[in-house]
1. Being closer than 14 Å to Pro92 by Cβ, more than 18 Å from the chain's Cα centre (by Cα) and either polar (S, T, N, Q) or surrounded by 18 or more Cβ atoms within 10 Å (Cβ to Cβ) (or both) narrows it down to one residue among Glu5, Glu14, Glu9; which is it?
2. In region 511-536, what residues are part of a helix (DSSP H, G or I), over 27 Å from Arg359 (Cβ atoms) and open to solvent by 60 Å² or more (accessible area, probe 1.4 Å)?
3. Of all the residues that make up region 490-510, how many are open to solvent by 90 Å² or more (accessible area, probe 1.4 Å) and of a type outside the set (Ser, Thr, Tyr)?
4. For residues that are of a type in the set (D, E, K, R) and not in a helix (DSSP H, G or I), tally how many sit in region 32-56.
5. If you scan region 429-440, which residues turn out to be out of contact with any Gly (no Cβ under 6 Å at 6 or more places or on another chain) and either under 19 Å from Thr44 (Cβ atoms) or in a helix (DSSP H, G or I) (or both)?
6. Here is a check on your reading of the model: is Lys46 of a type outside the set (A, V, I, L, M, F, W, C) and under 20 Å from Pro139 (Cα atoms)?
7. How many residues does region 444-476 contain that are open to solvent by 10 Å² or more (accessible area, probe 1.4 Å) and among the polar types (S, T, N, Q)?
8. Can you find even one residue in region 190-199 that is closer than 14 Å to Leu329 by Cα, of a type in the set (D, E, K, R) and assigned to a loop (DSSP other than H, G, I, E, B)?
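The values are calculated or read from the model by the stated rules, or taken from the named source; none is laboratory data. For clarity, every value in this text was computed on a predicted model and none was experimentally measured. For neighbour counting, all protein chains shown are included, and Cβ atoms are generated from backbone atoms with ideal geometry for every residue, glycine included. Note: accessible area is taken over every heavy atom of the protein model, side chains too, but ligands, DNA and RNA are not part of it. Shrake-Rupley method; radii C 1.70, N 1.55, O 1.52, S 1.80 Å.
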Amino acid sequence: MHAGEAVAEALREEGVERIYSVPGSHIHPIYDGLSRAKSVRFITLKTEPNTSLMADAYGRLTGKPGVCLVTAGPGGLNSMAGVAQAYGAASPMVHLAGAVPLTADKEAFHGVDDPAFVHDMFRKITKWSARVERIEDIPGVMAKAFHICRSGRPGPVHVELPRVSDYSEHILQEGRTAIPAYRPVPAVVPRPDAAAVDRMAQRLMAARSPVIAAGKGVIRRRAMRELSELSLKLQAPVVHAQDAIGVIPESHPLFAGHFQHYRSHPLCVEALERTDLIFGIGLRAGTAEISQLRERAPERAMMLVGFDDGRNDGYRREDETVADPALFLAALLERLGGYQRPRDEAILARMERGKSALRARLVAENEPHRADRPIDPGVVMEALNDVLDEDAVVASDVGNCQMWARTFRRISNPESFMQSGVWNAMSYGLPTAMVAKMEFPERNVVGLAGDGAFLMTIGDLPTAAEYGANILMLVMNNGCFGQTTMQQQSLYGHVYGTLFQSPNFAEIARACGAEGIRVSDPKDVKDALNQGLAATKRQPALVEVMAADRAYPKL
């Protein structure tokens, strides 16, 4: 094999189904190897940032490693945002890149002075970064990469394969060589400690009013059913981190919404004020989420099952352990056995009234704005809820549209509202929606973005049409970076550098092979959304709403 064939063999042996890539001369041999790997579907993108953003989305949606491939230097750096995002989101990813020669001169092609500069940059945003030095090391390095990205708390890894010389056709060496057989390494996860399970079970049964705080680890390990069962058994409200929306459906009787430093759900605030014990699961020690919970927790009244690779210096208390969330929840339910806390009908009724009151308040706040031009974002979000079923996927970009959608969207599962997470990289909506449609072709999939964020990623709208990713893209066009505009106005009383002139996105969509609809009258919003969804039976569609800048409602 040559080096590219060895990489292709590794991907085939790992069962990789899709690769997201932009070509470049440093990775030609890998393309050659993949051309004969018929089980791997190759997605050729037009913008390098979207390679890693789509690999991140694939990891979140499937639980399997998302794989992207980029060229040396600029290819690696242009795709860093999605890698850092996957690290924060605990999304399994294998980021493959070409590289300058091992002993490259200063100012080599796609290089700077240090040949290993890209490898070093990725160390801080991945679980592991490797620079392959010998062709025969490829199977072992690739196996380790897949092992690490799936084990413990999933996350991205970076593997780069240097070129022989600046303009060589070859990676690592010119000739083929006998390469060791590929042997995948199974993922490992930390198993529950029986003593910790017993200790936490006893404290939960003894608590007067326990609350479960769930993190994204519960979603990544597909343990939502066990979480719901535990909540009902303990009659414990479930609050969740803002990047774990969908861990429990809004319709669940013990749903209590998200917690965040400055904007928590009202039901969450009430539950945390009432509790005498918080049980954290799928969260990670040392994060802002844990700090927020500890600020609200009664003294020494918080237990944590950390979502991490293993116990580390962040876990020092007796009431803290590290375990796979799904395994720990299963063990805890077994330990609790036939225990069932009596239903508190008064609290359940109060929580249901709270949810209903919040929905009614959002509708009431929209009432004065239903005829506004430009169109009020709340009216758009209300219409979006009306036209989508419970199974629909909504992938929201960063900014005001995200905050509006997070407030209005009805949540039934983790795909009901997908967002970037703590990394908060703009240009999330389109690539994530494309991946969702490829993986769930039978579901309605909506990408949501402001005009500023969409302009960062619009280069792959033709890719959606090319690969049959028939999404509905909803673009809120207000000619500005909305969130920063509002922040500047609030801080300084004026704005600077945040306004711009947007194109006609509907016309661009039609030029890219998608249906394009522009809406400027609020009475037409719902019909436009339905028209767009109908069009996705045959092609992608884009609905452009000429939107106002009204500040999103505070819960």
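1. Going through Glu5, Glu14, Glu9 in turn, just one is closer than 14 Å to Pro92 by Cβ, more than 18 Å from the chain's Cα centre (by Cα) and either polar (S, T, N, Q) or surrounded by 18 or more Cβ atoms within 10 Å (Cβ to Cβ) (or both): Glu14.
2. The one that is part of a helix (DSSP H, G or I), over 27 Å from Arg359 (Cβ atoms) and open to solvent by 60 Å² or more (accessible area, probe 1.4 Å): Ala511.
3. Qualifying residue count, region 490-510: 6.
4. Residues that pass the stated criteria total 4.
5. Correct list: Pro431, Thr432, Met434, Val435, Ala436, Lys437, Met438, Glu439.
6. Taking the combined requirement at face value, the residue does not satisfy it.
7. Number of matching residues: 2.
8. Among the residues of region 190-199, at least one is closer than 14 Å to Leu329 by Cα, of a type in the set (D, E, K, R) and assigned to a loop (DSSP other than H, G, I, E, B), which makes the answer yes.
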